[in-house]
1. Going by what's in this entry, would Gly339 be described as part of a helix (DSSP H, G or I) and either at pLDDT 95 or above or at positive phi (or both)?
2. On the given criteria, is Thr74 surrounded by fewer than 23 Cβ atoms within 10 Å (Cβ to Cβ) and under 18 Å from the mean Cα position of the chain (by Cα)?
3. Criterion first (among the polar types (S, T, N, Q) and at pLDDT 95 or above) does Ser187 satisfy it?
4. Residue check: is Asp154 modelled with pLDDT under 95, farther than 26 Å from Thr35 by Cα and in a loop (DSSP other than H, G, I, E, B)?
5. When the residues of the range 143-165 are narrowed to those that are hydrophobic (A, V, I, L, M, F, W, C) and within 30 Å of Glu296 (Cβ to Cβ), which ends up surrounded by the most Cβ atoms within 10 Å (Cβ to Cβ)?
6. Which numbered condition in (1) open to solvent by less than 10 Å² (accessible area, probe 1.4 Å); (2) in contact with a strand residue (DSSP E or B) (Cβ under 8 Å, 6 or more places away or on another chain) is the only one that Gln123 fails?
7. Does Ser140 satisfy being under 25 Å from Glu337 (Cβ atoms), loosely packed, with under 15 Cβ neighbours inside 10 Å and not basic (Lys, Arg)?
8. Scanning for something closer than 19 Å to Leu260 by Cα and open to solvent by less than 60 Å² (accessible area, probe 1.4 Å), does the range 95-112 turn up at least one residue?
Amino acid sequence: MQTKINVGFIGAGKSTHRYQAPFILRRSDKFTIKTIWARHLDHIQWERIPDVNYTDDLESMLNDKKIELIVVSTPVMHYEYALMALEHGKHVLVEKPFTTTSEQAKEIFDLASQKGLMAMCIQNRRFDSDFLTTQKVIESGKLGDIYEVEMHYDYYRKDVVDATDHFDSYLSFLYGHACHTLDQALSYFGKPDDYHMEVKQIMGKGRMNDYFDIDFYYDNALKVTIASSYMRIKHRPRFIVYGTKGMFVKVTEDRQEADLKRFYMPTLDHPDFGMDREEHYGTITYYNEHQEYVEEKVPTVTGDYSRMYDAIFETIRNHKPQLVTPEQTLLQLKLLEEGISQCE
């Protein structure tokens with residue numbers, strides 16, 4: 001039987017306690033959370049996880065030979081912390097956006113390669129239910145040849161925009177949110193043959209970036225649009241897929257985050273965690289083999305962010321290829337750098 005992987009966290013905030021730890025705990029046969037580091041222990045606002053050591057001594061955690069994997073889940077300093085973890089001989093998993101620049105990311109990947117360690121960006125939204133369902137519909141063949149896909153993740157947060165009086169590329173909407181949908185597009189459709197990006201500050205120069213529209217073009221006539229805004233009072237459908245025989249629309253997004261925000265956690269006593277109800281199902285409209293017009297609901301594929309940790313276990317223990325490759329992360333960061341250059 002393969003031994004469990006002991007995990008240490010750099011950061012004790014929302015990312016650790018809401019988005020990562022619950023799914024590691026769901027894989028207790030593969031992982032143990034040993035230590036969580038916080039700069040100030042008295043500032044932790046989350047309920048502490050039982051049997052986990054909380055510390056403000058970063059060096060003691062990095063020097064703990066029992067810890068194999070460090071998860072960097074702080075809002076900033078991803079580059080610095082990732083290098084520290086690698087230099088101490090730890091595999092490292094880093095929150096999005098992975099780093100500020102592609103040059104920093106390359107340095108991390110080069111060091112990891114030299115040391116024979118894993119360095120990977122957290123891309124748990126590859127296991128969003130809406131994204132998985134859209135893949136299933138595409139692969140069913142019912143839509144024929146796919147020629148256009150729209151991916152949206154909209155908000156209406158004018159108060160946030162109004163309260164922001166400066167521009168910061170790393171804290172921009174593009175860096176903070178396109179990192180989800182760009183990865184979905186790149187992981188499923190691959191590197192585009194051409195692309196066009198429109199990144200704006202709707203509320204004016206010197207303010208936050210609050211809008212982006214990115215088009216990927218592929219040689220098979222496929223166009224994939226990744227678009228989001230902070231200023232959409234009515235959200236666009238999460239996914240729209242057009243094919244030569246029909247179309248698919250998934251209006252609502254994956255429910256895992258919504259459940260996590262209300263502290264409805266992925267535990268054994270919550271078997272319906274993250275699951276859509278029937279009213280959330282997507283709709284497929286197509287012509288079948290008899291040329292009959294068909295419109296039907298598509299039951300949502302269950303999403304599960306724990307699957308990312310299954311892949312990490314396979315990489316560390318069985319030397320399987322990384323779920324998120326360095327090449328995918330570097331390409332994404334280069335696109336983010338180019339896009340954000342349209343703002344000031």
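1. In short, yes.
2. So Thr74 passes the test.
3. yes
4. Values: modelled with pLDDT under 95: yes; farther than 26 Å from Thr35 by Cα: yes; in a loop (DSSP other than H, G, I, E, B): yes.
Against the criterion (modelled with pLDDT under 95, farther than 26 Å from Thr35 by Cα and in a loop (DSSP other than H, G, I, E, B)), Asp154 qualifies.
5. The qualifying residue surrounded by the most Cβ atoms within 10 Å (Cβ to Cβ) is Met151.
6. That leaves (2) as the condition not met.
7. Spelling it out, it is not the case that Ser140 is under 25 Å from Glu337 (Cβ atoms), loosely packed, with under 15 Cβ neighbours inside 10 Å and not basic (Lys, Arg).
8. yes
The values are calculated or read from the model by the stated rules, or taken from the named source; none is laboratory data. None of these values were measured; they are calculated from a predicted model. When we count neighbours, we look across all protein chains shown, and the Cβ atoms used for this are built from the backbone with ideal geometry, even at glycine. Heads up: the accessible areas ignore ligands, DNA and RNA and are worked out on the full protein's heavy atoms, side chains in. Shrake-Rupley method; radii C 1.70, N 1.55, O 1.52, S 1.80 Å.
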